[in-house]
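See below for the structure under consideration.
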Amino acid sequence: MKYEDAIKKYDPVIGIEVHVELGTVTKMFDAAPNTFGGGPNTNITPTSLGLPGSLPVVNEKGVEYAIKIGLALGCEIAETCRFARKNYFYPDVPKDFQTSQSDEPIASEGEVEVELEDGTMFTIPVERAHMEEDAGKNTHIGGATGRIHGADHSLVDYNRAGVPLVEIVTHPITGTGDRAAEVASTYVRTLRDIFRALDVSEARMEQGNVRADVNVSLRESPDAPLGTRTETKNVNSFRSIERAVRYEIARQATRLEAGETIVQETRHFHEGTGETSSGRPKSDADDYRYFPEPDLVPLVPSRDWVEELRATLPELPAQKRRRLAGVWGFSDLEMRDVVNAGLLEAIDDTVTAGAQPPAARKWWTGEVARLANQNDQHPTELVTPAQVAALIGLINDGKLNDKLAKDVLTAVADGEGEPAEVMSARGLEIVEDTGALEAAVEEAIAANPDVVEKIKGGKMQAIGALMGPIMKATRGQADAGKAKDLILAKING
Amino acid sequence: MSELITKSALELAAGLKAGEFSSVEVTQAHLDRIHATEADFGSFITVTDDLALETATAVDAKRSTGANVHALAGVPVALKDLVVTEGVATTAASKMLENWVPPYESTVHNKVKAAGLPVLGKTNLDEFAMGSTTEHSAFGTTRNPWNLEHVPGGSSGGAAAALAGFQVPLSVGTDTGGSVRQPAAFTGTVGVKPTYGSISRFGIIAMASSLDQVGPMGRNVADAAALHELLAGHDPLDSTSLPDPVAGFVSAAQTSDLRGKKLGVIKQLRGEGYQDGVRDAFTAALDVAAAAGAEIVEVDCPSISYALDAYYLIMPSEVSSNLARYDGMRYGLRMEPESGPVTAETVMAATRAAGFGDEVKRRIILGTYALSAGYYDAYYGSAQKIRTLVQNDFAKAFESCDVLVSPTAPTTALKFGAEAASDPMALYLGDVATIPANLAGIPGLSLPAGLADGLPVGFQILAPAREDVKMYEVAGPLEAALEASGTRVLDTLAEGLTTK
């Protein structure tokens, strides 16, 4: 059954667990560096390896970041909480238990407002945000799939073991209807933006800094009890989240239609095909034998500290968007385009550098985005807000017209220098020599008598037909306003 | 036999300071003693002659320059083989770690090294500190120097036997439910379980994290106090380490007296059902204390009756989690299954089947069960509630006395064979008087209080949490009063030794 049909027939309920790796200097419970990359098993200490006798000590920065995330999600911050041991065997879990939080998370009960592409707002209920440590990484060698099945041996790299994570768990998200997939990916994108604004993580999906587990279940109607869910693990791009939700909804609906049952299990997402496949069965009775971590004393974040962190929270992306939309006077549609293109910060910085908001928006979402698109880059990788602001300044000063400005921009993006330098070096400045302009105007009038007639007849937009030849004659360096004035003067003169 | 081996640690320290002998001489004398007696006692898993003499030489050299050295510099010590020693095999008496040489250092060993105490070796213990006889070691049993047919107690049996056998003047054990105090009682030595968090656990191979505590041991109270002072102090590497400054335990032991001290006899532990000789020795010691000016009162700690049950749920629960890491993946023993597929699961299973002894397996299974879903509340959860009750009972009891006292163990050292190791339940009961202190995190000390049928009897003193000083303030003068009354337990042994 196709997604479109499935979603008409069934009411989807989704749940999302987002793991974010915190950008602390050291790991969550020991002094090993928290850095990406490096040779296998180089960023480790006896504690990250779980050697006999080693003990954990809580990284206070990790706690601070977790509290900031909790506050940004509107959660209550626990007055006292503890770490717990989640006991399970896996070769990449050095102690054969993961230090996590179970019934005492640092933050609970918040919500996140997400704005869908068409401007619809959706509130995601957050159950909790808790701290835990990451596991190491297994590489399975010798099998066809790269998974453990069929492999003849596995390599384990503990560099990631002990990296601080915050896991954000939603309550069941209901009422999304046919927008389930979009809601899921937009929610994770919204969290990503929050993590970046808080400066608690680089939040790079492609490096696995942010990973999402997506739960999907279907039910006959919104009144029916929740259906059996599957959990698709470790989906790590926004597009994949959307595809995984769509695939699961279609797959589950197909099974249900055929009278089959949904197996509660974890599933793997395959980037290549957009499909999910069965992982291991998962039941509510998975027994992790949680108990309070006896090697760590309870965590009691002082209220003063929490309030201090609350007071220093930066403006969050949603707030900032609302505020700037008002200040800039953009329409909802314009604002959405800016946000969807990831250009809010760039435009804000450009305005701060002295440009008018409409001009900043026009250049970033227009020519800069077009150039970036050609090179498969993000606009901000091409030019800086200061450069765009300088370009706009030159236009305002009457030194560049749009056509010239585009050429300057391309040269700036190619690394030829700052806008003013490029303009001078390439001789792209607007021609001030009125004699040359007059000559070009007269030539254009002479060559286009029919156009002149139209203008005389009051069709002012016909002037545009004369601008082409004039620009050509002046190699684009004519001031369009002046040219227009001259044309009218000569025709009416 | 060299007279150096019968000196106490503080006597040795004084002699070294006065230049009467060198650390090399002291160390060599003890090494000689170890090599002459190890076949009988089996106190050590590893003897580190070269390292010890190297340290001794360095300390002698430093002292000769007139440089400041630690008060105990040059005095030999032995470490229970649960204490991680960088570059020196650390086995926890388990096949699992038979060939494990740690790549990092424990805080305890760091302190010992920094102070310049020659480490004579790593002493035997029950595997992963589980047991009360030191029979559960993968590397042979330790025998009680008082009578080789008897156990030395456990799990710090090697540490205690090394002291009682005059192989070493100071010994570091660990105490999770009495594993320092009970062997001290069985061997006529002094064993201390400090306040939980008093000594860093960083680099102590974990048995049950919330109960484990490093235990200084010596042949007299002041020696143990001196070792306690050396090892105590805040360690940022151990989150449960207390920030308290280290108090003067030695001076508390040496300068106080018993006049006006209130000793609370725990009603539930005053000796009913105990071996007659143990009860008699305990009562006699109370009389000595009273004669020296102490006031003896009886206090009620009703929840102590449940402490044993709570302990035998909490301890194995933590054991099951702490020992999960021995899975054959990163270090230590790795076994592949004899048949069938070689997977992570089958390697773990084969490794654990081959690497762990019966007692360890018994506790892992018990703990796994107690923590499992559906049983957590009934077992682990209830046990934690009892733990709180025990803490409250102690807090209340300490309102009416300075310290609490009891026999350390219900019996003297059991005989190998019929008596010992055959009945785990009976052995678990032997910890009834020591376990409550671990549950409550309070300090406890066992000192010898005479003999029963030729074997030592232990006298336990418990003090409020973080008030270890109070324990020494009673233990020191009580030891002196007992000796003055003719109860010189170790002298008896030393005399026996000289005629051997």
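The values are calculated or read from the model by the stated rules, or taken from the named source; none is laboratory data. All values reported here derive from a predicted model rather than from experimental measurement. Please note: Cβ atoms are built from the backbone with ideal geometry, for glycine as well, and neighbour counts cover all protein chains shown. These area figures cover heavy atoms from the full protein model, side chains too; ligands, DNA and RNA do not enter into them. Shrake-Rupley method; radii C 1.70, N 1.55, O 1.52, S 1.80 Å.
For chain A, the Cβ-based charge dipole about the Cα centre amounts to some 820 debye (Lys, Arg positive; Asp, Glu negative; other atoms uncharged).
For chain B, the membrane-span-like helices by this rule, meaning whole DSSP H stretches whose C-alpha atoms cover at least 18 Å of axis and whose Kyte-Doolittle mean is 0.5 or above, are B:276-291; this says nothing about an actual membrane. In this structure the amide hydrogen of B:T48, modeled in the peptide plane, comes within under 5 Å of the amide hydrogens of B:G121, B:K122, none closer than 5 places in sequence on its chain. Contact with the other protein chains removes 50 Å² or more of accessible area, compared with the isolated chain and a 1.4 Å probe, from these residues of segment A:47-64: A:L51, A:P52, A:G53, A:L55, A:V57.
Our estimate of slack between B:T65 and B:D377, defined as 0.36 nm per intervening residue step minus the Cα-Cα distance, is 106.1 nm.
Rolling a 1.4 Å probe over the protein heavy atoms gives segment B:355-500 an accessible area of 39 Å² per residue. Seen against the Cα atoms of chain A and their longest principal axis, helix A:180-198 is set at about 80 degrees.
Rounded if a/c is under 1.5, else prolate if a/b beats b/c, else oblate: with a ≥ b ≥ c from the C-alpha gyration tensor eigenvalues square-rooted, which is segment A:190-280?
Since a/c reaches 1.5 and a/b is larger than b/c, the shape of segment A:190-280 is classed as prolate.
For segment B:51-170, the residue among B:T141, B:A162, B:T55 whose Cα projects farthest onto the positive side of the dipole built from Cβ charges is B:T55.
In whole angstrom, segment A:233-344 maps to an equivalent ellipsoid with semi-axes of 38, 31, 12, each derived as √(5λ) from the alpha carbon gyration tensor and ordered largest first. Considering helices alone, the calculated mean residue ellipticity of the protein assembly as shown at 222 nm is -12500 deg cm²/dmol, with DSSP H runs of length four and up weighted by -39500 (n - 2.57) and normalised per residue.
Simple point charges give the picture: +1 on the Cβ of Lys and Arg, -1 on the Cβ of Asp and Glu, and for the protein assembly as shown a dipole about the Cα centre of about 600 debye.
When accessible surface is computed with a 1.4 Å probe, chains B and A are found to bury approximately 2700 Å² between them, both chains counted. Using the alpha-carbon positions of segment B:109-174, Rg (one decimal) and Dmax (whole number) come out as 12.1, 39 Å.
Karplus-based coupling profile of segment A:107-124, in residue order and whole Hz: 9, 8, 6, x, 7, 10, 8, 10, 10, 6, 4, 8, x, 5, 9, 9, 9, 9, with θ = phi - 60° in 6.51 cos²θ - 1.76 cosθ + 1.60 and x standing for Gly or Pro.
Counting Lys and Arg as +1 and Asp and Glu as -1 over every other residue whose Cβ lies under 13 Å from the Cβ of B:R387, the net charge comes to -2.
Of the listed peptides B:397-408, A:225-236, what is their order by residue-averaged count of other C-beta atoms within 10 Å, with the highest listed first?
For the peptides B:397-408, A:225-236, the packing ranking is B:397-408, A:225-236.
Of B:D238, B:D393, the order by accessible heavy-atom surface (1.4 Å probe, DNA, RNA and ligands excluded), from most exposed downward, is B:D393, B:D238.
Threshold 40 Å², probe 1.4 Å: give the residues of segment A:262-303, in number order, that are less accessible with all protein chains present than with their chain alone. Checking the loss per residue gives A:D287, A:R289, A:F291, A:P294, A:D295, A:V297.
Taking every Cα-Cα distance in segment B:289-358 and sorting them into 10 Å bins starting at zero, the pair-distance distribution P(r) comes out as 16, 27, 18, 14, 11, 10, 4, 0 percent. Does segment A:98-143 come out rounded, prolate or oblate by the C-alpha gyration tensor, with a ≥ b ≥ c the root eigenvalues, rounded set by a/c under 1.5 and, if not, prolate when a/b is larger than b/c and oblate if not? The shape class here is oblate.
Ranked from largest to smallest solvent-accessible area, with a 1.4 Å probe on the protein heavy atoms, A:V13, A:V300 come out as A:V300, A:V13.
What FRET efficiency would be calculated for the residue pair A:A436, A:K456, taking the C-beta separation as r and a Förster radius of 22 Å, to the nearest 0.05? After rounding, the FRET efficiency stands at 0.30.
Karplus-based coupling profile of segment A:157-167, in residue order and whole Hz: 10, 8, 4, 7, 5, x, 5, x, 10, 10, 10, with θ = phi - 60° in 6.51 cos²θ - 1.76 cosθ + 1.60 and x standing for Gly or Pro.
For chain B, averaging the sequence separation of C-alpha pairs within contact (under 8 Å, six or more residues apart) and dividing by the residue count gives a relative contact order of 17 percent. Both radii are taken from the alpha-carbon atoms of chain B; with Rh as the Kirkwood radius, Rg/Rh is 0.96. For the protein assembly as shown, the carbon plus sulfur part of the accessible surface works out to 51%, probe radius 1.4 Å. Stokes-Einstein D for segment B:350-486 at 25 °C, 0.890 mPa s, Kirkwood Rh over Cα pairs, in µm²/s? Rounded to a whole number, D works out at 138 µm²/s.
The three principal axes of the C-alpha atoms in chain A carry coordinate ranges of 94, 54, 50 Å, sorted with the longest axis first. Cross-link reach is defined here as a Cα-Cα straight distance under 30 Å, omitting same-chain residues fewer than 8 places apart; for A:K320 the lysines meeting it are A:K61, A:K68, A:K362, A:K406.
When Rg and Dmax are taken over the Cα atoms of segment A:362-493, they come to 17.1, 51 Å. Note on the protein assembly as shown: Cα-only Rg and Dmax are 38.3, 138 Å.
Take every pair of alpha-carbon atoms less than 8 Å apart whose residues are at least six positions apart; their mean separation over the length of chain A yields a relative contact order of 14 percent. The string of couplings for segment B:452-462 from the Karplus curve (6.51, -1.76, 1.60, θ = phi - 60°) is 10, 6, x, 10, x, 10, x, 10, 9, 10, 10 Hz, one whole number per residue in order, with x for Gly and Pro.
Annotation: Cα Rg of segment B:360-413 relative to the compact-globule expectation 2.2 N^0.38 Å equals 1.63. Put a plus charge on the Cβ of each Lys and Arg, a minus charge on the Cβ of each Asp and Glu, and nothing anywhere else: the dipole of segment B:136-254 about its Cα centre is then about 260 debye. Normalised by 2.2 N^0.38 Å, where N counts its residues, the alpha-carbon radius of gyration of segment A:291-446 equals 1.54. For segment B:216-337, the gyration tensor built on C-alpha atoms gives an oblate shape. Its axis ratio a/c (a ≥ b ≥ c) is at least 1.5, and a/b is not larger than b/c. Once the 1.4 Å probe is applied to the protein heavy atoms, chain A comes out at 45 Å² accessible per residue. When A:D193, B:D276 are compared by accessible surface with a 1.4 Å probe, the order from highest to lowest is B:D276, A:D193. How big is the antiparallel share of DSSP beta bridges in chain B, given as a percent to the nearest 5? Antiparallel: roughly 70 percent of the beta bridges in chain B.
The angle between the Cα long axis of helix A:60-72 and the main principal axis of chain A comes to about 60°, on a 0 to 90 degree scale. Compared with the dominant principal axis of the Cα atoms in chain A, helix A:434-447 is inclined by about 80°. Can you list the residues of segment B:188-234 whose accessible area drops by at least 20 Å² going from the chain on its own to the full set of protein chains, with a 1.4 Å probe? Hits at the 20 Å² cut-off: B:R201, B:F202, B:S209. From largest to smallest, the equivalent ellipsoid semi-axes obtained for segment B:41-145 from the alpha-carbon gyration tensor read 28, 14, 11 Å.
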